[in-house]
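The values are calculated or read from the model by the stated rules, or taken from the named source; none is laboratory data. Worth saying up front: this structure is predicted, and the values here are computed from it rather than measured. Cβ atoms come from the backbone with ideal geometry, glycine included; neighbour counts cover every protein chain shown.
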Amino acid sequence: MATVTLKGNPVKLKGKLPHPGDKAPDATLVTGDLSEKHLSDFRGKAIVLNIFPSIDTGVCALQTKTFAQRLKGRDDVVAVFASMDLPFALGRFCASEGLDNAVTGSDFRYHQLAERYGVGIADGPLAGLCARATLVIDADQTVQYVQLVEEITEEPDYDAALAALDAL
């Protein structure tokens, strides 16, 4: 069980975080029209999996906008933005920000992403949400890069994630 911090206070996570070289666990996410998407549906393209606690917080919103902007025009990549937020909130945010180059997915229905990717927050004030993490998964569904952000209130290392993507 991994631990991160929230404003310096330890927070335990559920599940097991994959490592580079592992096969990416499949997970079912709910999209804005309430249909389901599986991460395995994107086999054949690289994935930047952007996981965060809630789109309604400043850091999560900034993280999502930054990845969307930096991945714009990359037809070889699927940006998947995922959290426990309801699909409507994710869709509303992306529509209001003009972010049309990403797949939004809510883990609210099955909690597979939280469990299979080791980002489910087990205790503290954000219990039940996802911790902040970024993964780069190659076209064969192998994890190439993982960052579990140690302090939930901080942004991920965009440059490191994009360098891992460019190295594919």
Discussion item. Between a residue in region 1-28 that is within 14 Å of A127 (Cα to Cα) and among the hydroxyl-bearing types (S, T, Y) and any residue that is at pLDDT 95 or above and buried (at least 17 other Cβ atoms within 10 Å of the Cβ), which pairs come within a Cβ distance under 9 Å, given they are 6 or more apart or on different chains?
Written reply: T3/V11; T3/L13; T5/V11; T5/I152
Response to the item:
Those residues of region 90-122 which are among the β-branched types (V, I, T), closer than 25 Å to K12 by Cα and surrounded by fewer than 21 Cβ atoms within 10 Å (Cβ to Cβ) amount to none
Discussion item. Looking at D56, D41, D75, can you tell me which residue is closer than 23 Å to A122 by Cα and charged (D, E, K, R)?
Written reply: D56
Response to the item:
The one condition S83 fails out of (1) within 17 Å of Q141 (Cβ to Cβ); (2) small (G, A, S); (3) crowded, with 16+ Cβ neighbours inside 10 Å is (1)
Response to the item:
Being over 19 Å from A61 (Cα atoms), in contact (Cβ under 8 Å) with a residue 60 or more places away in the chain and in contact with a helix residue (DSSP H, G or I) (Cβ under 6 Å, 6 or more places away or on another chain) narrows Y145, Y117 down to just Y145
Response to the item:
Of those in region 38-48 that are surrounded by fewer than 18 Cβ atoms within 10 Å (Cβ to Cβ) and in contact with a strand residue (DSSP E or B) (Cβ under 7 Å, 6 or more places away or on another chain), the residue nearest to L165 (Cα to Cα) is K45
Worksheet item: Picking from P125, P53, which residue would you name as being surrounded by 15 or more Cβ atoms within 10 Å (Cβ to Cβ) and either in contact (Cβ under 8 Å) with a residue 12 or more places away in the chain or among the polar types (S, T, N, Q) (or both)?
Response: P53
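Please go through region 23-33 and pick out each residue that is surrounded by fewer than 15 Cβ atoms within 10 Å (Cβ to Cβ) and modelled with pLDDT of 95 or more.
If the condition is that a residue be surrounded by fewer than 15 Cβ atoms within 10 Å (Cβ to Cβ) and modelled with pLDDT of 95 or more, then K23, D26 are the ones that fit.
To keep it simple, each residue is scored yes or no on (1) touching a residue at least 24 places away in the same chain (Cβ under 8 Å); (2) of a type outside the set (A, V, I, L, M).
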| residue | (1), (2) |
| --- | --- |
| T31 | yes, yes |
| T57 | no, yes |
| L62 | yes, no |
| T66 | yes, yes |
| R70 | yes, yes |
| V80 | yes, no |
| L90 | yes, no |
